[in-house]
Every structure is written in structure tokens, then in C-alpha cells.
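Dropping a structure here in C-alpha cells format, bear with me for questions.
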Amino acid sequence: MKDKNNNKDKIYYTIFSIIIIVIAVIIGFSLINRNNNKENSKEISYTELITKINENAVEKIEMTVGSTAIKVKLKNEEEEKNAIVPSTQAFIELVQEKVQEGNLIDLKQKKTSIILRISDTLLSLLPTIMIVALFVVLFKMQGLGDKGKLYDAESEKTNITFKDVAGLDEEKNELLEIVNFLKEPKKFQEMGAKIPRGILLYGKPGTGKTLIAKAIAGEAKVPFISMSGSEFIEMFAGLGASRVRKLFEKAKKVSPCIVFIDEIDAIGARRTGGSGAESENNQTLNQLLVEMDGFDSDQTVIVLAATNRPEMLDKALLRPGRFDRQITIAVPDAKGREEILKIHSANKPLGEDIDLKDIATDTAGFTGAELANVLNEAAIIATTRQHEKIVMDDLEEAVKKVTVGLQKNSRVISEKDKKLTAYHEAGHAIVSKYLETQQDVKEVSIIPRGLAGGYTMYKTNEDKYYISKTEMEEKLVALLGGRAAEQIALNDISTGASNDIEVATELAKDMVRKYGMSDRVGPINLESKEQYELQAFGNNIEDIIGVEVKELIDTAYKKAQELILEHMDKLHAVAQKLLEKETITAEEFQKIFNR
Ligand code: ADP
Ligand code: ZN
């Protein structure tokens, strides 16, 4: 979009650049000047200088007003020397004292050259200039510097189409309707069809919400205007609302188009009627509602918004005529993951041994963004290893890097820590081995990765949509297996289990409050409820939750201890093997049990 504000901007920036260049030239000039002085003659230290003065070996001293750098000519030397004095005043007094004592020193004081003086002034003013410049830029960004300025929402033509979006077939199908509408709005209007004004995309970060919104614009060949909800939250009151207004002004101008608001929960959070930042928030939300309601029927602007926290949204946003269509963008299943891997490996040289299906199987729970990241990491690893193509081993290492962090070869680990980690990881592996619902061990290692001192990786065989209570209980046991092994085998416990404990606690809390899996609480959702809401379920409901969570954890820990005690020989064998080899594979692990 071109408007006259852009021209004004150009003038501002030109003036700004000229000022910067002039300052830079002057400073540069003076620096060269100073350096020249230094190079042309030798230095003399202050103590040496004092000694020379006391010895009456100094012939001439030249000082510059306002500078601690001085020039010294010694009696027996041709060349002048440079020196720095700590305090000019004290130095002058010292020299004058010597002169009065009868030493012949020619003390000259001269004024600085114009250029040096200007540059010194500029240097001292530099912080002020920068601060003023910063304010100007900030003001302009806030749209305050120039009243009529249109806040520049990002508007682009995108080349992304549905072809670039892997998986999500049903979602794409549903959105095809929108594409068709954007292409031929008249046809729909003549038929009296009402097309949704706003569509909410629910889903975890990185699942491709932005991508699919762009693809709609790309398919329909209309502009894509985007903004993030967090950008609307401003430090100056009222700006959020005015930005929303301008965003939609712009959209109407370029319609038909797609408006995409990422992180809409940042503006669309439930209104609470508070003050300060909160009421600012409300103004922004109110403006958004006004804009959504205010479209004429012939304006073909479709608003897509994305959030990961639908429960946070103000109900008013979901009313008819606003975001009345909701589409969940789920984490991809095995087939979807394979397709995403395919798309993102299309531009990379792959070795013959690459099996993307295998990688897809190993990456249950990964989002599209994480899978894209895996391939990028694999390319980096392959380059570092000087492979001609990306081979399976690079790809597997990349998966590990993305899941558990980078292998830390350089960290020096004490024998004591190694032993602790070995027993801890062996504990996880042994315990899961004897739990019906837990996945088989894929790899156990005591090589640190990311924040973890070691890791136990499990095979993922299938994508699960439901997890049973038994499975969750056994998951708790597996998580606490590390701690249990430390306690039993080494008779001490460590901080190494902190992450396991965190995950286990969250899981147990979810079981009680979210999945209704405890008898005493029952199938009631008590997740993220306020105090007063909880009270509706009895005064001591929180105590009951606490007791139930603790009981789940205690039972799981006991079970883990039992399993460890029962299979102590195996625990020692696995830990020993780990200390010896550092990483053991599924086969090596299995061998220990075959013996
Ligand atoms: P979100 O908006 O949901 O946080 P993005 O759309 O920004 O996620 O996705 C980030 C990146 O992940 C995309 O640019 C793309 O490279 C990759 N990605 C995510 N989902 C998919 C998918 N279904 N197909 C292909 N690439 C995907
Ligand atoms: Zn652990």
C-alpha cells in the first residue's frame, strides 16, 4: 500500500541518515587524528615523566586545554613523546613548582583544533542525541509523531497454497469454502449465502495455524494482513483500540483479503472490568468486536484468529457474526507427520537409507514446526559431519537433539555423577520393562543432553487418542523409577529426579482435577478454577484434591520401589552396562533379560 505517509517517512529517514553520517564522519576524523598522534611518537609513562622532570631532563611540555594527553620533549632526545596525566591541574602546579625551583621547563598550553573540539562536544552529546533519536523512533512507531499515520500491519501477497500444508485434509476441505468465497464473493451473495466473518483456529504453537491462514490467502490470491495479539497491547492508553481500527481500515481498502490475528487471547481474554492495563485491554477487545460487527455485507474480509487457549477467550468473541466458526488444528498423526517430513525434505539431498516413515513413527507428539526443525537440524548435522547427503543417522541424531537437547560431549562428568545417572536411568528402564502399558525401551544413555544428565527413550508404536487410567498410573511408576533406583541402589537421592517429579506431579494433578479419575473427587473438572468456584464443591475440596494427588504419587513410588527390589540383579546389570558403554540400544537392553 502506498500513501502519502510513506513519502513523509522517507524524508524523515533521509534527514535522520544524513545527521548520522555527518556525526560518524566527524567522529571518525577525530579518531584518525588522535591515532596519528599516537603512531608518530613514543609513549612515556607518568611515573617516568615525573622522574624525568625531577631529574631536570624535560625541555618542553605541551598541553591542550581540556585534555589529559600531553606532549613532552626531553632534553637529550629529538622526538617528542606522548603522555597522559591523571589530573591536568595538579600536573601544572607540579611543573610550575619545579620551574620556581629553577628547572628550565617550557610549559605551553594551547587550544584544541576546531575539529577536535567539535568532535569532543559531539562525543559528549552522543548519549543525548541517541536518546532523543530513540524517542523520535518510538513515537513514530506508536503513531503519535504523525497523527494521520496508518499503523503498518504486515500486508503481503503470499505464494503459499494448500500444497504446502501437509496433512490437515479435513481442515483444508472445510476452508476451501472460504477460498471459493474470496475468489467469487458475488456468486455466494447472489445465492443469499452467509459466509462466516471470523474463524478461530485452535491449536498448539507450531501446528500450522499461520501456515494454513496464509495458504487460504495464497489459494484465493488475495492479500494476507497479519498482526499478533500481543502487538495490540500498548503502553499508551487507547492505542490498542486505534490499532485495531486501522488494521480493519486497511483490510477494507484492500478487500477481498484475509486478516490474521495471531495470539488473539492477548486481546480477547475474558473481560473483567478492571482498571489500568486491563481496561486498556477491554478497549482493544471492544474495538475488535465493533469492527467485526461493522462490516458491510459486500466487504469480503475474512478474519482468522489463532489461539492455544480457547477457554481464555471472551464469550462475546464467539457470538454469531463474529468468530462463529472454530476449527481445531491438531498435532499431526503418523501419516500427517510423514507428509510434513516429505514437504520439508523436498529441498534437501537425502541419502538412500532415509526412511521418513520410520522417523514419523518415532516422533509422536511432534508439531509441524518441530518436524521442520528436525529436518533443518539434520541438514546442519550432516554438514558438520561432512556427509554428502543427509543420512538416517543424521536424522536420528536430529530427532534426539530436538527431543532431549544437544549431546554434550564436552561436559566433564565425575565418576560419582555417572554412577548416579546410570542407576537413575536404569531404574526408569527396568521399571517400565515390567509395566504392562509402558512402551518398550529404545535407548538408554548416561550422556548428558540439554538439561538432562542422561535419558531413557521409549519406542512409540502408535498414535493414541485416549489414555487409560491404568496407563497413567503406570506412567507415574515409570517416571518415579529413576528416583526409586537411586534410593535403593545408592541409599541416597538426588536432584536428578526433579524433572521426573515435576512431570509426575502435573500428571497426577490432571488425573484428579481434569480427567476425573479419582474416586473421592469424581468426574468433575476442577482445573484452573478460582477459589470461590472450587468452594461450590465443598469447603475442603482442595484438601481432598491434595490427598488424592498425594495418594497417586505415593502408590506409584511404592510400586516403583517394589519393582526395583524385585529385579535388583537386572538393575545392577543395566547400570553396569551403562557405565561401560554409556549408551545402550534396545537390543543390548533386551539381551540382559535373555540371559
Ligand atoms: P502456528 O501458527 O500454529 O504456531 P505455524 O503456522 O507458524 O504454526 O507453523 C510454523 C512452521 O511449521 C511452518 O512455517 C511450517 O514450516 C511448519 N509446519 C507446521 N505445520 C505444518 C504442516 N501441516 N505442513 C507443513 N509444514 C508445517
Ligand atoms: Zn529421570
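How compact and how long is the stretch 517-595, expressed as Rg and Dmax of its alpha-carbon atoms in Å?
Both quantities, over Cα of the stretch 517-595: 21.1, 59 Å.
Given R₀ = 35 Å, what would the calculated FRET efficiency be for residue 515 paired with residue 369, taking r from the Cβ atoms and rounding to 0.05? Before the final figure, lay out each step's value.
Details: r = 27 Å, r/R0 = 0.78.
Using R0 = 35 Å, I get an efficiency of 0.80.
Based on the mean of other beta carbon atoms within 10 Å per residue, what is the order of 528-535, 242-249, most packed first?
Values: 528-535: 10.6, 242-249: 20.0.
Sorting 528-535, 242-249 by mean packing, highest first, produces 242-249, 528-535.
Also, quick follow-up: Take every Cα-Cα pair in the stretch 294-354 and report what % of them are more than 19 Å apart.
58
In addition: Per 0.36 nm of contour for each residue apart, how much would the distance between residue 121 and residue 590 grow if the chain were fully extended, relative to their Cα-Cα spacing?
161.2 nm
Within the stretch 540-570, find all residues whose amide N lies under 15 Å from a label point positioned 7 Å from the Cα of residue 531 along Cα-to-beta-carbon.
Output list for this probe position: 540-543.
Let me check I've understood the local charge: for residue 559, count other residues with C-beta under 13 angstrom from its C-beta, Lys and Arg +1, Asp and Glu -1. What total comes out?
Working: positive: 475, 483, 558; negative: 436, 473, 474, 551, 554, 562, 566.
Overall, the nearby charge balance is -4.
A follow-up question, please. Along each principal axis of its Cα atoms, how long is the stretch 436-595 end to end? Whole angstroms, biggest number first, please.
So the three principal-axis extents are 57, 37, 32 Å.
Go through 214/529; 433/558; 419/475 and tell me which ones have a Cα-Cα distance over 26 Å in this structure.
Details: 214/529 36 Å; 433/558 16 Å; 419/475 24 Å.
Beyond 26 Å: 214/529.
Taking the Cα atoms only, what angle lies between the long axis of helix 88-101 and the longest principal axis of the chain, rounded to 10 degrees?
The answer is roughly 30 degrees.
Work the Kirkwood hydrodynamic radius out for the stretch 65-128: mean of 1/r over every pair of different alpha-carbon atoms, inverted, in Å.
Working: mean 1/r = 0.0719 Å⁻¹.
13.9 Å is the Kirkwood radius here.
Using only C-alpha positions, report the orientation-averaged shadow area of the convex hull of the stretch 553-595, nm², one decimal.
Values: hull surface 14.4 nm².
Approximately 3.6 nm², given one-decimal rounding.
In the stretch 325-464, how does Rg compare with the Kirkwood Rh, expressed as the Rg/Rh ratio over alpha carbon atoms? Don't skip to the answer; put the middle values down first.
On the way: Rg = 16.8 Å, Rh = 16.5 Å.
Rg/Rh: 1.02.
By a straight-distance test (C-alpha under 28 Å), which lysines pair with residue 73 as possible cross-link partners, with residues fewer than eight away in the same chain excluded?
Candidates past the 8-residue exclusion: 38, 42, 52, 60, 81, 98, 108, 110, 111.
Can you tell me the 0 to 90 degree angle between the C-alpha axis of helix 469-490 and the longest principal axis of the chain, rounded to 10?
60
OK, next. Relative to the present Cα-Cα distance, how much length would full extension add between residue 17 and residue 311 at 0.36 nm per residue of separation? Walk me through the intermediate numbers first.
Numbers: separation 294, 0.36 × 294 = 105.84 nm, distance 4.80 nm.
Gain on extension, residue 17 to residue 311, equals 101.0 nm.
A further question follows. Counting C-alpha atoms alone, how compact is the chain: give Rg to one decimal and Dmax as a whole number, in angstrom.
Reported Rg and Dmax, both Å: 35.3, 111.
What's the center-to-center distance, using Cα atoms, between the stretch 81-130 and the stretch 334-348 in Å?
70
Based on the Cβ-Cβ distance from residue 383 to residue 506, what FRET efficiency comes out when R0 is 30 Å, to the nearest 0.05? Display every interim value, and only then the final one.
Numbers: r = 38 Å, r/R0 = 1.26.
Calculated value: 0.20.
Taking every pair of Cα atoms in the stretch 165-219, average 1/r, invert it to obtain the Kirkwood radius, and report Rg/Rh to two decimals.
That ratio equals 1.01.
Past 19 Å, Cα to Cα: identify those pairs from 335/357; 416/577; 550/570; 209/509; 401/442, in the order given.
Numbers: 335/357 8 Å; 416/577 16 Å; 550/570 29 Å; 209/509 29 Å; 401/442 15 Å.
Cα-Cα > 19 Å for 550/570; 209/509; rest within.
Now, a different point. Helix 392-404: angle to the longest alpha-carbon principal axis of the chain, degrees 0 to 90, nearest 10?
The two axes meet at around 80 degrees.
Sort the following peptides by mean Cβ neighbour count (other Cβ atoms within 10 Å, averaged over residues), highest first: 224-232, 519-527. Spell out each step's value before the answer.
Working: 224-232: 20.6, 519-527: 12.9.
Sorting 224-232, 519-527 by mean packing, highest first, produces 224-232, 519-527.
Given points 7 Å out from each Cα along the Cα-Cβ axis, report the residue 562 to residue 107 separation in nanometres with one decimal.
About 9.5 nm separates the two model spin labels.
Where does each of 47-59, 206-218 land if you order them by average Cβ count within 10 Å, highest first? Before the final figure, lay out each step's value.
On the way: 47-59: 15.6, 206-218: 23.8.
Averaged packing, sorted descending, gives the order 206-218, 47-59.
While we're on this one: Exactly which trypsin sites (Lys or Arg not before Pro) in the stretch 318-419 are in a DSSP loop and have at most 11 other Cβ atoms within 10 Å? All intermediate terms of the calculation are to be shown ahead of the outcome.
On the way: sites: 322, 325, 335, 337, 342, 357, 385, 389, 400, 401, 408, 411, 416, 418, 419; in loops: 322, 385, 389, 408, 411.
Here the trypsin sites (Lys or Arg not before Pro) that fit, given the DSSP loop and packing criteria, are 411.
Also, quick follow-up: Report the per residue volume, in Å³, of the convex hull enclosing the C-alpha atoms of the stretch 451-519.
Numbers: hull volume 8.7 nm³, N = 69.
Here the figure is 125 Å³ per residue.
Where a number appears in this text, it was derived from the coordinates with a stated rule and is not lab data. Note that this is a predicted model, so its numbers are computed, not measured. Reconstructed Cβ throughout: ideal geometry from the backbone, glycine too, with neighbour counts over all protein chains shown.
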